[in-house]
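Read the figures in this text as sums done on the coordinates, not as results from a lab. Everything numeric here is computed off the predicted structure, so don't read it as measured data. Glycine also receives a Cβ, built like all others from the backbone with ideal geometry; neighbour counts cover every protein chain displayed.
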Amino acid sequence: MLSVSIYDFIKIKIASMEYAPGKNFSEMDLAKELGTPRSKVREAFNLLAQDKLVQIIPQRCTTICKLDLGNILDSIFIVRSILIAVVKDVQTQHIEKEQAIIQLRESLLALESDTVFSDADFFKADHHFYLALSGLNGFPRLNKIIFKEKLNIDRTLRLSIGRRGDYIAIAKLYSSILEGLLAGAPDKSIKAICELSSTLEKYANMAVKYHPSLFK
């Protein structure tokens, strides 16, 4: 297994909160679990440390970093700013790009009407939403920037939401953003983006309130 693959594996576990803030790791134990050389695990941990997702304590262990509310709010602001910029620029895109938006909106509407769905269903739709919007302006690296910041957001959402109504509220805001795009009404999309940002901030503060031990 390549170090980048181990890096992605651990990063996904962190984003899903399967590896929670404060969890300790031994390079040797994780190498055995993944069936890979210890040196490859160390390389992955070094990359994650650069992302400030883990703290390496030499000769002892590697620890998943605790969440920081200030960083989370910064991430929400950055993502909001990027989405607004994309929406303002999207009018120049080709019609075939809009078909992907139509299909995504239909998927979100199906999610809203489904009486039973899992966390995985929501986060799959969430992933496709941001992937679709980040691809509209033709800047390939934009999705990397968004998803780097979204890792902070996803972790807090997993801590603070869980009821169907919570998921539906966010899905409806996604739908409103897409409706504005399809209607050529960027102001409508921007309004929904700002509402989404406020909603995410609310959930971030809820996460701190209910899980203080996971925050700095």
Ellipticity estimate at 222 nm from DSSP helix runs (n ≥ 4, -39,500 (n - 2.57)) divided over the chain, nearest 500: -23500 deg cm²/dmol
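Past 19 Å, Cα to Cα, is the threshold; run LYS23/LYS66; LYS124/LYS209; LYS88/LYS191 against it and keep the listed order. Mind dumping the intermediate values first?
Numbers: LYS23/LYS66 9 Å; LYS124/LYS209 27 Å; LYS88/LYS191 12 Å.
Distance filter (> 19 Å) returns LYS124/LYS209.
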Relative contact order in percent for region 25-133 (Cα pairs under 8 Å, 6+ apart) equals 16 percent
Under a crude label model (7 Å from the Cα following the beta-carbon direction), how far is PHE77 from GLN59 in nanometres? 4.1 nm
Relative contact order of the chain, defined on C-alpha pairs under 8 angstrom at six or more residues apart (%): 26 percent
Give the residues of region 193-216 whose amide nitrogen is closer than 14 Å to a point set 7 Å from the Cα of LYS66 in the direction of its Cβ. 208-216
The chain: radius of gyration and largest Cα-Cα distance (Dmax), Å: 18.6, 58
Over its Cα atoms, what ratio of radius of gyration to 2.2 N^0.38 Å does region 96-216 give? 1.08
List the GluC sites (Glu not before Pro) in region 1-77 that DSSP assigns to loop (not H, G, I, E or B) and whose Cβ has at most 13 other Cβ atoms within 10 Å. Which are they? GLU18
